[in-house]
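The values are calculated or read from the model by the stated rules, or taken from the named source; none is laboratory data. The shown structure was predicted, so the numbers you read here are calculated from the model rather than taken from an experiment. As a convention, Cβ positions derive from the backbone with ideal geometry for all residues, glycine included, and neighbour counts pool all protein chains shown. Side chains are part of the model used for accessible areas, which takes the heavy atoms of the whole protein and leaves out ligands, DNA and RNA. Shrake-Rupley method; radii C 1.70, N 1.55, O 1.52, S 1.80 Å.
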Amino acid sequence: MPNPAESLTVNDVRHVARLARLAMVEDRLPAMRDSLVAILGHIAQLQAVDTKDLEPMAQPLPMRNRLRADEPCATLSMMEVLANAPKTEGAFIAVPKVLGGDSA
Amino acid sequence: MTGDLVDIRDKIARREITARAVVQSTLDRIAAADRTLHSFHEVFAETALASADRIDADIAAGRRSGELAGVPIAVKDNIATRTGRTTCSSRMLETYRSPFDATAVERLERAGAIIIGKTNMDEFAMGSSCETCAWGAVRNPWDTNRIPGGSSGGSAAAVAANLCAAALGSDTGGSIRQPAALCGVVGFKPSYGRISRHGLVAFGSSLDQIGPITHSVRDAALLYRVMAGDDPLDSTCAPEVVDDPLPFLEQMPKGLRIGIPAQYRKGNSPAVDAALARASDSFRAIGAQLVDVELPLTDVGISTYYVIAPAEASSNLARFDGIRYGHRASGNFADVNALFSASRAEGFGAEVQRRIMLGTYVLSAGYYDAYYRRALQVRRLIKNEFDAAFTQCDVILGPTAPTAAFPIGGVTDPLSMYLCDVYTVNTNIAGICGISLPAGFDDSTGTRLPIGIQLQAPAFADSRLLQIAHAFERTHGGREHPQ
């Protein structure tokens with residue numbers, strides 16, 4: 001079976017890395033491309049399965065949304081929430097200055 | 001004091017041994033063996049001894065102490081514990097301390113279990129060998145040059161080496177069953193939704209399930225009973241009442257039909273095929289009827305899984321942005337996306353990045369229908385195939401993995417590594433339950449390497465599966481411990 005992913009370019013990989021918010025140095029792009037092509041080449045076998053009129057199955061249980069009663073309950077304290085933040089200032093999570101163009 | 005959890009529990013309850021002595025000897029064994037095995041990332045010596053003293057005092061005073069009172073249990077490091085860190089064996093969560101306990105952990109502790117520490121794993125549970133652990137590879141206690149399997153390899157190695165009475169793992173595509181097979185212990189993945197996922201760091205939310213890794217089926221049944229059941233904190237937890245497996249465990253299953261798919265007998269090592277043949281004989285010996293069943297989509301499972309699981313992972317792992325918790329890159333950034341991207345590139349290892357890339361690709365514009373939607377359709381076909389097979393049999397018998405443990409560094413190509421899970425992923429895809437049981441050894445390499453067989457059963461037939469597994473275990477025998 002031909003591998004439809006064979007046409008995946010380094011440019012495409014750069015685009016996907018940007019969508020995934022993963023900084024990827026240029027040197028790594030060709031190797032990432034090759035490994036994605038190999039895996040997608042294997043996955044191409046899905047195209048041979050007859051899936052006509054089949055309802056997609058997103059999860060295994062025949063479940064509907066389950067709602068709980070809207071009642072007040074205990075939550076984490078601010079201290080507990082802030083305890084894992086990389087940087088805090090007073091009651092806030094601190095971040096470096098990030099104003100600028102949105103690259104997305 | 002080593003061996004089955006139930007025996008340790010009974011000795012503590014009868015005051016033949018104290019919980020403190022059990023915990024202390026466990027800590028001593030970890031200190032002696034784990035420098036080599038590397039199954040633990042963190043050991044909770046202080047809190048474990050304090051809990052043991054509390055339990056000993058309760059027992060001495062005749063107070064009720066719970067059905068797991070005093071037994072040391074290890075927890076995979078992607079399951080949240082208030083004590084210590086919860087790192088997922090990733091630099092991303094190197095310093096993360098959970099402000100809450102996972103529901104499964106809370107239920108174990110409420111029953112008197114003592115959490116002895118956190119076990120190493122493939123980073124974010126993505127792997128079949130424990131080589132992607134950011135803190136270094138875990139080793140198989142049967143041969144320390146070999147992998148213990150993954151991703152719950154630390155938990156399986158710790159149980160096999162008697163560094164705990166039992167352990168928790170998580171299973172998204174075989175991550176409890178495959179390491180259990182490769183380390184010669186029992187690994188049980190309950191039906192999807194049977195044990196709360198609250199506090200399990202999400203990988204593939206429609207596939208993930210917590211389960212026990214133990215010395216015996218009885219131990220697995222007991223831990224399952226303690227942990228299973230609905231949880232208001234996990235809306236995907238099944239509301240159906242849990243069928244208690246323990247009252248029926250000793251009953252020999254009657255009219256048992258074992259399904260044997262031809263598709264499970266291709267490409268296995270000779271030792272695995274031989275173990276499978278012996279397992280079939282053991283079932284015949286207890287009066288089971290062996291029937292041929294067809295699972296033609298077995299081979300397509302890996303492709304289906306490697307669309308669905310990375311897609312869900314790419315979404316779940318989007319939360320790691322270096323802002324509220326987790327690793328943050330230092331320096332100045334042009335914009336907020338540059339900060340996210342640098343933090344994620346530094347925090348995630350190579351395999352996690354590969355899966356995020358794969359998942360992002362199959363969900364991206366123009367590819368969603370061809371990959372993701374199609375995989376979900378094939379998922380339905382796989383489930384239908386199991387439904388049809390289970391009209392002819394109670395459980396399906398096959399190998400857990402095509403080979404015994406391979407040497408560390410022995411499989412470097414990602415796709416080859418993925419294909420190791422050919423017999424386990426479909427269990428998660430269909431949401432059914434599965435258990436790996438010790439079934440023999442591969443002696444062809446000069447060391448004794450365990451082989452596991454897998455039994456698969458319909459969703460919510462967990463108790464029946466455990467009963468059948470227990471009957472097999474008693475008949476098949478051959479339990480051994482690594483030297």
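Points worth noting:
- All lysines inside 19 Å of A:LYS87 as judged from Cα atoms, apart from same-chain residues fewer than 8 positions distant: A:LYS97
- Taken over the Cα atoms of region B:1-70, the convex hull encloses 85 Å³ per residue.
- The protein assembly as shown - Debye-derived log10 I(q)/I(0), Cα point model, q = 0.08, 0.12 Å⁻¹: -0.52, -1.21
- Its relative contact order, with pairs defined as Cα atoms under 8 Å and 6+ residues apart, puts chain B at 18 percent.
- Projecting the Cα atoms of A:LEU36, A:MET24, A:ALA5 onto the charge dipole of region A:1-49 (Cβ charges, centred on the Cα centre) puts A:MET24 farthest toward the positive pole.
- When both region B:283-315 and region B:445-483 are represented by their alpha-carbon centers, they are found 17 Å apart.
- Average Cα contact separation per residue, region B:161-258, under 8 Å, 6 or more apart, as relative contact order %: 27 percent
- DSSP bridge pairs, region B:5-248: antiparallel proportion in percent, nearest 5: 65 percent
- The heavy atoms of B:GLU123 offer some 10 square angstrom of accessible surface to a 1.4 angstrom probe.
- Heavy-atom accessible area order for B:ARG14, B:ARG324, B:ARG380, B:ARG110, largest first, 1.4 Å probe: B:ARG110, B:ARG14, B:ARG324, B:ARG380
- Between region B:88-114 and region A:1-67, the alpha-carbon centres lie 32 Å apart.
- Global geometry of chain A, whether rounded, prolate or oblate, following the gyration tensor of its Cα atoms and the 1.5 cut on a/c: oblate
- Each Cα pair of region B:406-483 feeds into the Kirkwood radius, which the Stokes-Einstein equation turns, at 10 °C and 1.306 mPa s, into a diffusion coefficient of 108 µm²/s.
- A:MET24 sits with roughly 30 Å² accessible to a 1.4 Å probe, with DNA, RNA and ligands left out of the calculation.
- Accessible surface of B:HIS481, taken over heavy atoms with a 1.4 Å probe and every protein chain present, rounds to 80 Å².
- Set of lysines with alpha-carbon distance to B:LYS383 below 18 Å, sequence-local pairs under 8 removed: A:LYS52, B:LYS189
- Of all DSSP beta bridges in the protein assembly as shown, antiparallel share, percent nearest 5: 70 percent
- Separation of region B:22-43 from region B:150-183 is 15 Å, based on Cα centroids.
- Only Lys, Arg (+1) and Asp, Glu (-1) charged, at Cβ; the protein assembly as shown dipole about Cα centre in debye: 400 debye
- Restricted to Cα atoms, region B:236-319 shows a radius of gyration and a Dmax of 18.7, 52 angstrom.
- In terms of accessible area, using a 1.4 Å probe and ignoring ligands and nucleic acids, B:VAL291, B:VAL138 rank largest first as B:VAL291, B:VAL138.
- Extent along principal axes [Cα atoms of region B:5-248; Å; largest to smallest]: 47, 44, 35
- With the largest listed first and rounded to whole Å, the semi-axes of the equivalent ellipsoid of region B:292-347 from the Cα gyration tensor are 39, 9, 8.
- Relative contact order of region A:1-49, pairs being alpha-carbon contacts under 8 Å that are 6 or more residues apart, as %: 54 percent
- Seen through its C-alpha gyration tensor, with square-root eigenvalues sorted a ≥ b ≥ c, region B:72-163 comes out oblate because a/c lies at 1.5 or above while a/b is not bigger than b/c.
- Residue-averaged 222 nm ellipticity for chain B, from DSSP H runs of 4+ at -39500 (n - 2.57), nearest 500: -11500 deg cm²/dmol
- Within region B:302-337, backbone nitrogen closer than 20 Å to the virtual label 7 Å beyond the Cα of A:ALA48 toward Cβ: B:302-308
- For chain B, pairs of C-alpha atoms spaced more than 33 angstrom apart make up 32 percent of the total.
- Beta bridges per DSSP with both ends in chain B, % antiparallel, nearest 5: 65 percent
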